[in-house]
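Contents: one structure, followed by commentary.
No lab work stands behind these numbers, since they all come straight from the coordinates. Please read these numbers as outputs of a predicted model, since none were measured by experiment. A quick note on method: Cβ atoms are made from the backbone with ideal geometry, for glycine too, and the neighbour counts reach across all protein chains shown.
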Amino acid sequence: MAYERDNIRRLQAYVPGEQPVTDRLIKLNTNEHPDPPCSAVFEAMVSLDPKILRRYPCPTALEFRKAAATAHKLDPDQIIATNGGDELLRLTITVFCNPRTPEKNTDNSSQTSESFRGGGGLGVTDPTYSLYEVLANIHDTPVTKIPLNEDWSLAADMATQLNIAGVSLAMVVNPQAPSGHLEPVSSLQKLAENFQGILLIDEAYVDFAKTDALELVRPDSGLDNVLILRTLSKGYSLAGLRFGYGMGHVNLITSLHKARDSYNTDAISQHLATAAIKNRDQVAPTWKQIIAHRQNMAQQLTSRGMEVLPSETNFLLVKIPTGYKHPAPRIYQTLKEQGIFVRYFNQPRLSDCLRITIGTPSQNQTLLTALDKMNDS
Ligand SMILES: *Cc1c(COP(=O)(O)O)cnc(C)c1O
């Protein structure tokens, strides 16, 4: 399209996990919670009066921020509500990253944007959540990728590498996607202390982990460059609601508010999200169940000769060893033909892996039975 900006014309758009339209499928490909939302959300929904829709919603979702502040023992001013966690990611890039500045072509060399290094760009690990790079490309912001260690932990010199590249915002998923690895808070703290830019810790899966990084955004942490992302999509069974939030130093949150849509979250989602966060005690037991099912699935898959990475999330990254009866893409395809969706990433380090969301016990069992059938045939 001749009318598009150059970077949009070049852009490879984000590819979400498949969302089949029928219900009669086993969907273990996008890490949704297998249970319905908690009863407090149901009650909030049926008690909603459509008359509230006549007015604009609260621009800053104050009721939600107060409830989230109580839940996390923070100040409401340290919290921003967003249209899914994904909007927070976009916002941080808008606010903290610079677009690529084309070099002046004085010497006739055509190496302009491609030779650009850093200068206010985005830093990510490799691999990571693939949306990060897409969002940077939409903003025409350069991306610096720091490979993860063999065991999926962060490179020890990550801060130095980011600083040398001039990165102004780094995004780290913890617990990690797609591996499920949990980086200790001490290592994130060291990264934040040594990195000259903003560190966004994406805690989309934290409800299934044993630790979180909240202490890094407390006023007494001594850090003013950490943001934490949370979402109601995974732990709260509310992926369809599109509600997430960011937590961090008041100054960072104030900057983010400047660049968001005036009414970025709607009245219905604010109301339901508030009910969800206020009633975390209704949901928390399901996190424990999913963790137990995760441990069981890890055992089951390991006993079938697959290599299962330790996970602190609601999914498992499963490596299909060389010499296994079927390679990963084949298993993915065969399961799909039977209506069982898992995620396959055709990219370096992941091309022999499958990412499998933990479902209900019966869904998990159906998956195992299908694998056994494949191996017998
Ligand atoms: C799911 C997810 C998010 C946020 O998703 P939303 O549905 O937009 O809230 C952010 N980061 C990662 C790594 C995720 O998996």
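A few notes on this one:
- Per-peptide average of other Cβ atoms within 10 Å, ordering 323-331, 160-168 highest first: 160-168, 323-331
- At 0.692 mPa s and 37 °C, Stokes diffusion of region 223-301 via Kirkwood alpha-carbon radius, µm² per second: 220
- Packing-based ranking of 192-204, 293-305 yields 192-204, 293-305, ordered from highest to lowest mean Cβ neighbour count within 10 Å.
- Among beta bridges that DSSP assigns inside the chain, antiparallel share in %, nearest 5: 45
- A simple packing score, the average count of other Cβ atoms within 10 Å per residue, orders the peptides 351-359, 58-66, 144-152 as 351-359, 58-66, 144-152, with the highest score first.
- Under the Karplus curve 6.51 cos²θ - 1.76 cosθ + 1.60, θ = phi - 60°, whole-Hz ³J(HN,Hα) for region 292-302, x wherever Gly or Pro sits: 5, 5, 4, 5, 5, 4, 4, 5, 4, 6, 4
- Expected 222 nm ellipticity per residue - DSSP helices of 4 or more, -39500 (n - 2.57), all of the chain, to 500: -11000 deg cm²/dmol
- Interchain or long-range residues, amide H under 5 Å from LEU227's placed H: LEU199, LEU200, ILE201
- Sorting ILE8, ILE340 from the fewest to the most surrounding beta carbons within 10 angstrom yields ILE8, ILE340.
- Along each principal axis, taking the top coordinate minus the bottom one, the Cα set of the chain gives 65, 59, 47 Å in descending order.
- Distant-in-sequence amide contacts of ILE146, defined by a placed amide H-H separation under 5 Å and a gap of 5 or more residues or a different chain, comprise VAL124, THR125, ASP126.
- Here the label points at THR334 and ASP352, each 7 Å from Cα along the C-beta direction, are separated by 1.8 nm in the simple model.
- Straight-distance candidates among the lysines for linking to LYS278, with alpha-carbon spacing under 25 Å and chain neighbours fewer than 8 residues away dropped: LYS51, LYS66, LYS73, LYS210, LYS234, LYS288.
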